[in-house]
Amino acid sequence: EFRRVLFRSDAVAKSPPDGYTLSSGSMATLCVVPHLYAKVGYDSVKDFAPITMVAASIFVFDVHPSLPARTVKELIALAKANPSKLAFGTAGPGSVSHLGIEMLKSMAKIDLLHIPYKGVAPAMVALLGGETALMYDPVLTSLPHVRAGRIRAIAVGDARRSTQMPDVPTVAESGVPGFEVTTWTGVSAPAKLPRAIVDKLNADINRALKSPDLHAQLTSQGADPVGTTPEQYAAFVQEEIVKWGKVIRAAGIKGDQQ
C-alpha cells in the first residue's frame, strides 16, 4: 500500500500546476511515508499546494473481554505491571493502528508487544480470538464487534467523542491529556498553482462537504467532513509531519526500502 501511495503522490507532484491534476493526500502519504522511506520522490511541503482538509476518521482502543482493563488508566496500570507482555495487533508497521498505540506508549511511558498483521481484518481476527489483547482501529470497523460484546471499547482517540460511540470517553478524558490520533484525507495540487485556482477549488470542495448527501456518505464510511482554508490545511500538515516524525524515530519504525 505504501508503495502505491509513493507512486501516486510523486506523479501528482510532477504534474503541471493547472488545476486539473489533484492529489487525495493523507496522513500516510504526506506525514508518515516520508519518515519511513529514504527516497519518496516528493517533498510533502514544497511540492504541493494545499487546498483543504476533506475528512477525518476516529479510531478507538479496543481490548479483548478477557483483559481486566475497562479504562485507559487500568490498561496503563496493567501494562506497567506486565512490561512487554500485553500484545497489540496492527495493520502493519507505520499504519495508523500502529502509530496510535506507539503514541500511547510514549505518552503513558509503557511497553507493549507489537504483533503486525497484513491488514486490519487479520488484526481484528486476532483480537477477537484472544491472540492479542489490544487494538487501535477505526470506530466503523470495531462498532459491530463492540455491540455484540466480542470486544470492549475503552477510549476513542479523537479530541471529541464519537457520535457512533457517545458513551465511550476520549483518551484525553481518560487520563492522557493531549492524545489525539486520527487518520485524515485532504486535497492538494502541484506546487505553484495560481492562487485564484486554489481559492476556486477550496470554495467548491468546501461547499460540497456541506451537502447533506456527501455528509451522509462520508459519515456512513466512518469519516467526519471537515473543510478548511488552504492555510489551515498547510499548517496542520506541517504539524503532523513533525509529530509523526518524533513518534516514528522514537519507536524505530522503518519502511522496507530503508
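The values are calculated or read from the model by the stated rules, or taken from the named source; none is laboratory data. Given the structure is predicted, the values throughout are model-derived calculations rather than measurements. Heads up, the Cβs are rebuilt from the backbone with ideal geometry, glycines too, and the neighbour counts pull from every protein chain shown. Heads up: the accessible areas ignore ligands, DNA and RNA and are worked out on the full protein's heavy atoms, side chains in. Shrake-Rupley method; radii C 1.70, N 1.55, O 1.52, S 1.80 Å.
Is one or more of the residues making up segment 101-121 open to solvent by less than 40 Å² (accessible area, probe 1.4 Å), in contact with a strand residue (DSSP E or B) (Cβ under 7 Å, 6 or more places away or on another chain) and in a helix (DSSP H, G or I)? Within segment 101-121, one or more residues are open to solvent by less than 40 Å² (accessible area, probe 1.4 Å), in contact with a strand residue (DSSP E or B) (Cβ under 7 Å, 6 or more places away or on another chain) and in a helix (DSSP H, G or I). Scanning segment 147-161 for residues that are closer than 19 Å to S174 by Cα and surrounded by fewer than 19 Cβ atoms within 10 Å (Cβ to Cβ) gives R152, A159, R160, R161. Residue selection: D18 satisfies the criterion of being in a loop (DSSP other than H, G, I, E, B) and farther than 21 Å from M124 by Cβ. Of all residues in segment 162-202, those satisfying the criterion of being open to solvent by 60 Å² or more (accessible area, probe 1.4 Å) and either in a helix (DSSP H, G or I) or of a type in the set (D, E) (or both) are D167, E173, E180, R195, A196, D199, K200. Pairs meeting the criteria (first residue in segment 27-45 and touching a residue at least 40 places away in the same chain (Cβ under 8 Å), second residue charged (D, E, K, R) and in a helix (DSSP H, G or I), beta carbons under 8 Å, at least 6 apart or on different chains) are M27/E240; L30/E240; C31/E240; C31/K243; H35/R249. The requirement of being within 16 Å of the chain's Cα centre (by Cα) and either modelled with pLDDT of 95 or more or open to solvent by 20 Å² or more (accessible area, probe 1.4 Å) (or both) is not satisfied by R249.
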